[in-house]
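Derivation of every value follows stated rules applied to the coordinates shown; laboratory data play no part. All of these numbers come straight from a predicted model, not from anything done at the bench. We place every Cβ from the backbone using ideal geometry, glycine too, and count neighbours over all the protein chains shown.
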Amino acid sequence: MNNPPTDAEIAQAVDVINRIPKGVLPRELFFAISHKTVLSSIELLPIRTNTEGQPEVLLTQRPADDPYWPNMWHIAGTILRPTDQIGNFSSAFSRLFDEEFEGQLETIADPQYAKTEFLDTGRGRVNDRVYFVEIANKDISFASGKFFSPDALPENLIDHYDKLIPSVLEVYLHSKNR
């Protein structure tokens, strides 16, 4: 580090951080801290079976002003928060269903665990728990979401998802064949 902070600057930063209410950090502070720690996240891949009997995955598109992945497609996810319910991930799932999917998913079953990945992303390191959820084959209409065949994923997909999506689909298909 070229210009390490002084003890007084660290004390000032600690004071400011201690005054922020428990929960969501201001965006700029979140981005600054995300490079200094390991974040824990939940990702949820909705899967439906189309009329031809083939699986389709629902991906969401990052906004154009996203500082790390503008306009790129991804599996919807959320960083775990200190205000989330302890003991399960229901708070995180509720946030995804309400915010990312605008309350439009009709689930057939509860979210199922697929895998955990420890990633180094553009935003920082993430311990990522990945789930899938089977949803009804219904039309869903919201601006940032679209269904894709696993064989025709979008070109502007965030890097690691080209390997993650097939591996989650494999777990999903295995669960269907039990």
So how much slack lies between S144 and E106, counting 0.36 nm per residue of separation and subtracting their Cα-Cα distance, in nm?
-> 11.9 nm
Note down the nm distance, to one decimal, between modelled labels 7 Å out along Cα→Cβ at S94 and at N71.
-> 3.6 nm
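Using the structure shown, list the pairs from K36/K176; K22/K146; K115/K138; K36/K163 with a Cα-Cα distance above 32 Å, or answer none.
Working: K36/K176 40 Å; K22/K146 34 Å; K115/K138 27 Å; K36/K163 26 Å.
In this structure, K36/K176; K22/K146 exceed 32 Å between Cα atoms.
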The correct pair for the chain, radius of gyration to one decimal and Dmax as a whole number, both in Å and from Cα atoms, is 18.3, 65
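So what is the relative contact order for the chain, in percent, with contacts set as C-alpha pairs under 8 Å and at least six apart?
On the way: 257 pairs, mean separation 47.6, N = 178.
Here the relative contact order equals 27 percent.
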How many angstrom separate the Cα center of segment 41-70 from the Cα center of segment 94-132?
-> 10 Å
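With a cut-off of at most 13 other beta carbons within 10 Å, and DSSP calling the residue loop, which GluC sites (Glu not before Pro) in segment 17-110 qualify? Please list them.
E52, E106
Just in segment 134-174: which trypsin sites (Lys or Arg not before Pro) are loop by DSSP and have at most 14 other Cβ atoms within 10 Å?
For trypsin sites (Lys or Arg not before Pro) across segment 134-174 that sit outside H, G, I, E and B with at most 14 neighbouring Cβ atoms in 10 Å, the list reads K138.
Can you tell me the FRET efficiency between N137 and K36 if r is taken as the Cβ-Cβ distance and R0 is 41 Å, rounded to the nearest 0.05?
On the way: r = 43 Å, r/R0 = 1.06.
Calculated value: 0.40.
Considering only DSSP beta bridges with both partners in segment 37-176, what is the antiparallel share in %, to the nearest 5? Working shown, then result.
Working: 23 of 34 bridges.
Percent antiparallel among DSSP bridges in segment 37-176 is about 70.
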